[in-house]
Amino acid sequence: MASVYIPVQNSEEEVRVALDQLPRDASDIVDILKAEQAPLDIWLIIAREYFKQGKLEQFRQILEEGSSPDIDDYYADIRYERIAILNALGAYYSYLGKIETKHREKEEHFILATQYYNKASRIDMHEPSTWVGKGQLLLAKGEIEQAFAAFKIVLDGDHDNVPALLGQACVQFNRGRYLDSLELYKRALQVYPNCPAAVRLGIGLCRYRMGQIDKARQAFQRVLQLDPENVEALVALAIMDLHTNEAAGIRKGMEKMQKAFEIYPYCAMALNYLANHFFFTGQHFLVEQLTETALAVTNHGPTKSHSYYNLARSYHSKGDYEKAGLYYMASVKEISKPNEFVFPYYGLGQVQLKLGDFRSALSNFEKVLEVYPDNCDTLKVLGHIYVQLGQTEKAQEFMRKATKIDPRDPQAFLDLGELLISSDPAAALDALKTARTLLKKGGQEVPIDVLNNLGVLHFERGEFELAQKTFREALGDGIWLTFIDGKENYSPVEASSSILQNKEIHLFQQLEKEGHLIELPWTKVTTLFNMARLLEQLHNNETANLLYRLILFKYPDYVDAYLRLAAIAKSRNNIQLSIELVNNALKVNEKCPNALSMLGDLELKNDDWVKAKETFRAANEATEGKDSYATLSLGNWNYFAAVRNEKRAPKLEATHLEKAKELYTKVLAQHSANLYAANGAGVVFAEKGHFDVSKDIFTQVQEAASGSIFVQMPDVWINLAHVYFAQGNFSLAVKMYQNCLRKFFYNTDSQILLYLARTHYEAEQWQDCKKTLLRAIHLAPSNYTLRFDAGVVMQKFSASTLQKTKKAADEVRLTVAELGNAVRVFKQLSAASNLHFHGFDEKKIDTHVEYCKHLLDAARVHLKQAEHDEQQTRHKQEALRQMALAEEARRKADEQRKFQLERRMREDEQKRVRQQEEHFERIKEQWKSSTPGSKRRERSDIDDEEGRNSEKRRKKGGKRRKKDRNSKARYETEEDEAEMMDDREEMEENYEEPRDEVNGQDDDGEENAKDPLAAAGLEDSDAEDEVVPGATISRRRQAWSESDDDDDDEQVEKQPESSPIRENSVEMRESDGDVRDIVDKLDDAVNDED
């Protein structure tokens, strides 16, 4: 039994105090300690024992008395024990501040702890234990960096201070530097291997955070080896087992959690994980009980946040959204940052979304997205929230991001497709197709609404076959396939019996009697209705009628089916039947705005203006003025009232037009993209004469209406054509009428043909006008107005033709024929029995007949004159044609003669060139054969010969220069063919002369030697005696050699100036030039020899 002994003052006796029997009231102990002036270490021992026994108040009382001013004065010289007491008090208040939940009390505890630590520092500012205590206080306050500095001061002085090492390890762990924290824990164990098991708990947590799961498990298991009842290690191992997501692991984890709970039932983390387990098993009572216990025993913020989250989830799953929201909010308040624990933000956003608080839900889901930016569920939820807030573009952005992150999530593509249907049908179609493909790959059934939306998108794009295929896939097997495929024989639906069949549903009762199962699930009604609309668009009204009746057979209150049946009856011009069907729809819902608006339109078409106006007002009131169609219909009523055929006062007409404009503007203010209201406004402006404004409006409406199968607005095309017509731009008006007729009416609308004919008439295009009217008569043969207009056009064409100053005979013949046709047309109209029914005046028609007969007589006179003029013109044209033929024949003959002459000249020239080339070859052969071997001369002979040759050279130079000038002149004058022929003849004569001299040089050697001297005036009377045959031969050889050298130089000088201009080929010109050069060389050689 442990005891302490307090020495009695001034005595050797001691007071024994048993530590396990300390009094409840610590005042007695304090009095003894004070009276006996016991050492301060005994004060610390007794206070520590009170703390171990859980008697915190007594612990505090002893330490506070031990640190009082009196004690400080008495024990002034004792430093360590005083510092130890102050540090113990500082650590105590730091612990109280750490576990306190109320902010004010927490701050008070921290302030007291700070005061005690500062007081200890004043005793010894370098005491390591004080700095360690300060570090623990700063760590509890969350001042991580300052705590790091405090522990660093201790470690700088003592690297092996275990408390400082453990404190620094905690700092690094809170910083997220798990590796540094791990090294510090290891270092502490190396310094003090007998550390408590909790130190290894820190090592395990560091390993876990670093992802080293196996090593973390080893550390926790080592903790349990040292301390088998360590609850924190059991909980940590249990969490690791639970995170394996395997049945065996979860079972082991729950066993460890249960063991930890049994060891210490107030471990908040164990309680939270147990509550989480029971939440998934559906035991909400245990969840609430465990979490409430955890909240009662812990003040740790993150742990309390988990407890509140478990409670909130329990209430959320039970549908108690109010309580769930409160607990989610409490969980959020316990954490400072979303990344610490983000799940309560997600749950709170869900509850707020359920309660309609979109702004708050948006804020919470955005916080979730900050922590998990690639979470597809969060992205999809944010997309839906932005849709509710009207921010469609942002919603699309989030949906697209979700599909990119997880391209295998069909729900993301479904959400994106539904979102894009109104803004980008093409992209919506692609998204829904992708979703359908993913669902089929995953073995899931494609929902009917997805297939229905796909079919509608194909329908809008005009892809009717794909739409029908998709609708059939959505509908599956059923009685409707019998009607769609035409397998069941049923009688055609007559207009007169349609109502009876709708009321008595005789056909379907008969099918039931025959054993057919007629079932139509409500989920397929919309798809079947869309299939009927598709068949209606494909002009298969009979089958569509049957499908609408099938819907009404199973669901008699389906108003849209009545309205579509009424629309079919209206398209058949059965107004009365259509009105009855609409009234049936109104019996189901008397305030249905669509039915009322359609009824008003039918009454307007039936010329029942008063009823139509009342019906349109009722439709407008049924929607409290929010139904744009009803307002638009009232605007149309006012417009038609303004332009009725009956004569109206101008003021009343202006009033109706202004009212119509006001109503159209009201619709545009509510829905700026309403094309029909914009078209109506344009019509009003056109009626008032503001054609430029109305044209701009019609153009914009036309551009907006293009590309949608559901927006068929031929009216805007017709109105735009009317504006062009009013402005006198007939060509554009014609194009617009033709395009409208082809695009919307397949060229089968007689009224638009009448508009087109009128445009041709005003443009004075009489034949086009007549052709257009004949097409209209073919479509509406009973319309006598078209016949009358055709007669007027033929009359007008004839009159305009006869008024021409110059008329061709064919035009006059056509005029006579047209007048005859016009007379017959007017006579047929005059003979009609119901002439007045069609609004014609008999006298007016007779006037047209007489006028056409008068024009016919005048046309015959004009025809005779035109035929006579045409015959004369034909004779003149024939004479001119014969003259032209003769002139052409002469021209061709001249060209042929010229061509033959040129061809002969080319042949002669080519022949001469070939002869010259052959002759030149023979000369070269002669030169080679006539040159003898040289003999050595006497020096004196050579000297004499050199003197004579130099003199000859000077004379020859003058001749050569003269010849060069002659040659240049000859080449410059070669501009026509006759001159060139003369030059060639002269060249041949010059060429033959040296040839003769060469050929005769052996026979007349002496004569050839003397002649050149005599010609030069240098003849010597004694030459005959002195000249010997050998000298003559030597001089001749030297002359030929010098001639060759000089000729080469002359050729170099003449070459750049030569420019042959004959129109022969390149080869002929080059050969011709070579021949001329060779002839010149021969001339020079002969002259030199002479």
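The values are calculated or read from the model by the stated rules, or taken from the named source; none is laboratory data. Source: prediction; values computed, not measured. As a convention, Cβ positions derive from the backbone with ideal geometry for all residues, glycine included, and neighbour counts pool all protein chains shown. With ligands, DNA and RNA removed, areas are computed over all heavy atoms of the protein, side chains included. Shrake-Rupley method; radii C 1.70, N 1.55, O 1.52, S 1.80 Å.
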Residue by residue through the stretch 41-57, the couplings from Karplus 6.51 cos²θ - 1.76 cosθ + 1.60 with θ = phi - 60°, in Hz, x for Gly and Pro, are 5, 5, 4, 5, 5, 5, 5, 5, 5, 4, 5, 5, 7, x, 8, 5, 5
Mean accessible area per residue over the stretch 374-446 (1.4 angstrom probe, all protein chains present, square angstrom) is 52 Å²
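At a 10 angstrom cut-off on C-beta neighbours, averaged per residue, how do the peptides 809-817, 191-199 rank from highest to lowest?
Packing order, densest peptide first, comes out as 809-817, 191-199.
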Karplus ³J(HN,Hα) for the stretch 410-423 (6.51 cos²θ - 1.76 cosθ + 1.60, θ = phi - 60°; Hz, whole; x = Gly/Pro) runs x, 5, 4, 5, 5, 4, 5, x, 5, 6, 8, 4, 7, 9
The summed charge of the residue 269 Cβ neighbourhood (under 13 Å; Lys/Arg +1, Asp/Glu -1) stands at +1
The size of the Cβ-based charge dipole (Lys, Arg +1; Asp, Glu -1) of the stretch 374-446 about the Cα centre, to the nearest 20 debye, is 220 debye
For the stretch 374-446, the charge dipole (Cβ of Lys, Arg +1; Cβ of Asp, Glu -1; about the Cα centre) points to a positive end, and the Cα of 446, 412, 396 closest to that extreme belongs to 446
Burial-style ranking of 734-740, 560-566, 764-770, 440-446, average other-beta-carbon count within 10 Å with highest first, yields 560-566, 734-740, 764-770, 440-446
Long-range amide H partners of residue 765, meaning residues 5 or more apart or on another chain whose placed amide H is closer than 5 Å, are none
Expressed in angstrom and rounded, the centroid-to-centroid distance over alpha carbons for the stretch 348-407 and the stretch 748-779 is 60 Å
With residue 581 itself left out, Lys, Arg at +1 and Asp, Glu at -1 over residues whose Cβ is under 10 Å from its Cβ give +1
Counting sequence-distant residues (5 or more places) and residues on other chains, those with an amide H built under 5 Å from that of residue 6 are 15, 16, 17
For the stretch 106-112, in residue order, the Karplus 3J(HN,Hα) values (coefficients 6.51, -1.76, 1.60; θ = phi - 60°; whole Hz; Gly and Pro = x) are 4, 5, 4, 5, 5, 5, 4
Output for the stretch 543-603: GluC sites (Glu not before Pro) sitting in coil per DSSP, at most 16 other Cβ within 10 Å, listed by number, reads 590
